[in-house]
Structures are given as structure tokens and as C-alpha cells.
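Novice: Take this structure first; my questions come after.
The values are calculated or read from the model by the stated rules, or taken from the named source; none is laboratory data. Here the structure is a predicted model, which is why all the values come from computation and not from measurement. We place every Cβ from the backbone using ideal geometry, glycine too, and count neighbours over all the protein chains shown.
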Amino acid sequence: MSLFLHYLGLIALSYIGVTVALFMLSVRIPAAGFFARLLTSYISLLVCAIYGVVVSILLRLVGYGGISQWATGKAFKYVMRLTTGVSFVIEDPENYLGSTRPAVFIGNHQTELDVLMLGCIFPKYCSVTAKSSLKKTPVLGWFMRLSRTVFIDRANPINARSAMAGAADEIQNNKQSVYMFPEGTRSYSKEPMLLPFKKGAFHLAVQAGAPIVPVVVANYSNVLYVKGWRFNSGAIPIKGEFDAFLRHNILTI
């Protein structure tokens, strides 16, 4: 055991050393900053996922399992702000994100950094949907399973419909909101754009009788652009809106 901890400590020190060296090198070579913040983001996500596993267990024991993802997301928000200098700023003067419950929240999907975006905007009693393969991911998968993530098997439409039915029941019975990316995948776009929408989020809203709350995240390729090896600090604006017309028409299809 002591030998394991010894090697684990060496790995951690090496990881930190390489990350610090890359941050220092980024003063002269901007691309080094990309890898420095990338390594920092991975370790931040791992730490918060471990925290999330513990918090999810504790909250479920006291009957508040529905806020596990909110609690973990907030921790990730502050850790990432401290370690990478990246944050999302919410523009929601009517507090649609905090006051509309239950709801199906939908938003554009740009990069892996949207995990941080969720940490910044996530309301209480809300969970995400995710592809079923993530169940097997160590730590992160454990956290997602403990915190009521709705897993969807995209390769099996029968299981996908069952997962949607489970999500609808969760929305109706426990007033648990769901956040979905209707594009289905990340766009990695340098300019503002949307990929074609998939129907799952809209079918779920109809099935659950819940309103849709659109969430619009500004294009942030100036902060993170994977293809250009760019990863800078910065604040990214988010806007939450509630479209009553959209709600009426979605629920009367």
C-alpha cells in the first residue's frame, strides 16, 4: 500500500510539475497554454468527480439526492475559475433558470468545456442526459449513476425510448428537471452556428408535460478552440430564456 501511495505521489508531482512548466512556457509559446489549461481541467474534473461521488452518497442518505449534480457543478465552477481562469456569466434577469421547475432545459453544445457551463448554470433538482457508455468511466461514471443521470443508448432506439420514459416519470413525479443538448454532439465551431436538432428533448417535453427553457451560450472560440490549440482564460456569457409561445406549441403537438 505504501509503495502504491509512493508511486501515486510521484505521478501527481510530475503532473503538477509539467502543468506549471507549460504555464510558464506559455508566455513565449501560446500553444503551451492550451496544454497547461487542458491538464488543469482534467485534474479539476477528476477532483470534483470524486467530490461528487461522496456528496451524492451523503445527499441520497438524507433525502436530497436530487441536488447532487447542482452541488457538484458549483464546486467545479469555483475550482475551474481558480485553476484556469475560465468562467461563464449568466444573463437571466427574470430568473427563468432558477424558478422554472420542472423543465426541459436545452442549449447549444460547443466543446467539452460545456461541462463547466453546466456547473455554472445548473439549477437545483436538475440532471443531465448522457450516452450509456459513460456508465463505465471510473469516478465520473460512478458520480453520474449516483446523481440520477439519465443514460441513453444511442445505438439502441428501444432502450433510448425507455430512458426517455424514465426521465418523463422523474420529471412528473419528483419535479426533477433535465438538461439536454438537442444537437446531440459537439460542434467545435469557430463561428456561431447550430447543428441539426435531434427530437429527443422535444419528445420528452411533450411526454412529461414540461416547458422547454432555451439556454444560449455565446460562441467561445476566443477562449477554447481545440483545432487551433487555443485555451485562454475569460468569461463567457450565457442567456436563459423562457419562450411561452414555444411552450404552448410544444405541449399541444
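Novice: Could you say which residue among Val27, Val55, Val47 is under 15 Å from Phe143 (Cα atoms), without any contact (Cβ under 8 Å) to a residue 24 or more places away in the chain and in contact with a helix residue (DSSP H, G or I) (Cβ under 9 Å, 6 or more places away or on another chain)? Full working, then the answer.
Specialist: Values: Val27 fails: under 15 Å from Phe143 (Cα atoms); Val47 fails: without any contact (Cβ under 8 Å) to a residue 24 or more places away in the chain.
One residue alone meets the criteria, Val55.
Novice: Do you know which residues across the stretch 84-114 are surrounded by fewer than 16 Cβ atoms within 10 Å (Cβ to Cβ), in contact (Cβ under 8 Å) with a residue 40 or more places away in the chain and of a type outside the set (A, V, I, L, M, F, W, C)? I'd like the intermediate steps shown before the answer.
Specialist: Taking the stretch 84-114 first, the residues surrounded by fewer than 16 Cβ atoms within 10 Å (Cβ to Cβ) are 85, 89, 91, 93-95, 98-99, 112.
Filter once more, so that each one left must be in contact (Cβ under 8 Å) with a residue 40 or more places away in the chain: 85, 89, 91, 94, 112.
Within the stretch 84-114, Gly85, Glu91, Glu94, Glu112 qualify.
Novice: In addition: Within the stretch 27-41, can one find any residue that is on the phi > 0 side of the Ramachandran plot and not in a helix (DSSP H, G or I)?
Specialist: Taking the stretch 27-41 first, the residues on the phi > 0 side of the Ramachandran plot are none.
No: zero hits.
Novice: Here is a further query. Does at least one position in the stretch 48-61 carry a residue that is surrounded by fewer than 21 Cβ atoms within 10 Å (Cβ to Cβ) and not in a helix (DSSP H, G or I)?
Specialist: no
Novice: Of all residues being part of a helix (DSSP H, G or I) and buried (at least 20 other Cβ atoms within 10 Å of the Cβ) in the stretch 115-139, which is nearest to the chain's Cα centre (by Cα)? Just the residue, please. Before the answer, list the steps.
Specialist: To start, the set of residues in the stretch 115-139 that are part of a helix (DSSP H, G or I) comprises 115-121, 132-136.
Then drop every residue that is not buried (at least 20 other Cβ atoms within 10 Å of the Cβ), which leaves 116-121.
Working: Leu116: 6, Met117: 6, Leu118: 4, Gly119: 6, Cys120: 9, Ile121: 9 Å.
Going through the qualifying residues, I end up with Leu118.
Novice: Another question about this same structure. Sort out which residues of the stretch 195-225 are modelled with pLDDT of 90 or more, part of a loop (DSSP other than H, G, I, E, B) and over 18 Å from the mean Cα position of the chain (by Cα), and write them in order of number.
Specialist: The answer is Leu195, Pro196, Phe197, Gly209, Ala210, Pro211, Asn222.
Novice: So how many residues does the stretch 62-102 have that are in contact with a Ser or Thr (Cβ under 8 Å, 6 or more places away or on another chain), part of a helix (DSSP H, G or I) and among the basic types (Lys, Arg)?
Specialist: So the answer is 2.
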